[in-house]
1. Assuming R0 = 45 Å, can you tell me the calculated FRET efficiency for the pair Leu123 and Val5, based on Cβ-Cβ distance, to the nearest 0.05?
2. Could you tell me what % of all Cα pairs in region 58-138 have separations over 17 Å?
3. Taking H placed 1.01 Å from N in the peptide plane, check which residues at least 5 places from Phe138 or on another chain put their amide H under 5 Å from its amide H.
4. Give a residue-ordered list of calculated ³J(HN,Hα) values for region 97-106 (Karplus: 6.51 cos²θ - 1.76 cosθ + 1.60, θ = phi - 60°; whole Hz; x for Gly, Pro).
5. Can you give the angle from 0 to 90° between the axis of helix 58-83 and the longest principal axis of the chain, with both taken from C-alpha atoms, to the nearest 10?
6. Could you tell me the calculated FRET efficiency between His156 and Ala112, based on Cβ-Cβ distance and R0 = 25 angstrom, to the nearest 0.05?
7. Taking region 61-100 as the region of interest, what is the percent of Cα-Cα pairs per 5 angstrom bin, listed from the shortest bin to the one with the maximum distance?
8. Return, for the Cα atoms of region 93-166, the radius of gyration and Dmax in Å, separated by a comma.
Amino acid sequence: MFVPVLPHLAEDIFNYSPASIKDSYLADKNFFQSNVELDSASILLSNWPKIKTEYINSDLARDWTRILEIREACNKEIETLRQEKIIGKSLEAGVSITANETDYQLLKKIEAEIKAVFIISDLSLESGESLSVKAYKFDGLKCVRCWKIFNESEIHNQICKQCETAISG
C-alpha cells in the first residue's frame, strides 16, 4: 500500500524482505497477475489487495456514514464560530447535539471517541425529536502536550490524563 505514495521506500522494503515473504506475495494472485520470478519481482508491479468479503459490513458502513453526516452538521456550526472570530480551530469548540432516538443511540455507541471523531473539546448529547446542533466556544485548559482543551479537573501538571499515561507508560 506504500507503493503509490512512497515507491522507492516500498521497493527497498520489498527487496530486503526475506524470501519467504516475497514468495507469499508472488504466490498470491491478489497481488501479482502474472508469474514473476523472485529475482526480477518488483513491488511496483503489484496490484491493490482485493477486499475479503468477510470484512464487508454494510451495517457498520451505514452507521459511519450517518455519523459523518452528523459530524458535517457540527462542522457547519463550528465554521460559523470561526467566521465570527469566536474560535480559531475546532478544538476550541464544544457541540451540543439533540438527536432523534436512532441517531442518539448511534452516537452513544461511540461516545468515548466522539470528541476525537468530531475534533472538538466538549460534547453535550441529548435525545429529542430531530437533529439539532449548536456549537459554542469551550472554555477550559489546554494540554501542553496534545493541545486539546479539557475541563480544569481533567488537567494535572498542565497535561491531560491520556498524555500523562503516554508519558509515564
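Here, each number is a calculation from the coordinates, and none is a lab measurement. Keep in mind it's a predicted model, so treat the numbers as computed, not measured. Cβ: placed from backbone, ideal geometry, glycine included. Neighbour counts: every protein chain shown.
1. On the way: r = 34 Å, r/R0 = 0.75.
The formula returns an efficiency of 0.85 here.
2. Tail fraction, whole percent: 41.
3. Ala93, Gly94
4. Result, rounded to whole Hz: 10, 10, 10, 5, 4, 5, 5, 4, 5, 4.
5. 50 degrees
6. According to the calculation, E is roughly 0.80.
7. That works out to 6, 23, 26, 21, 13, 8, 3, 0, in percent per bin.
8. Answer for region 93-166, Rg first and Dmax second: 13.7, 42 Å.
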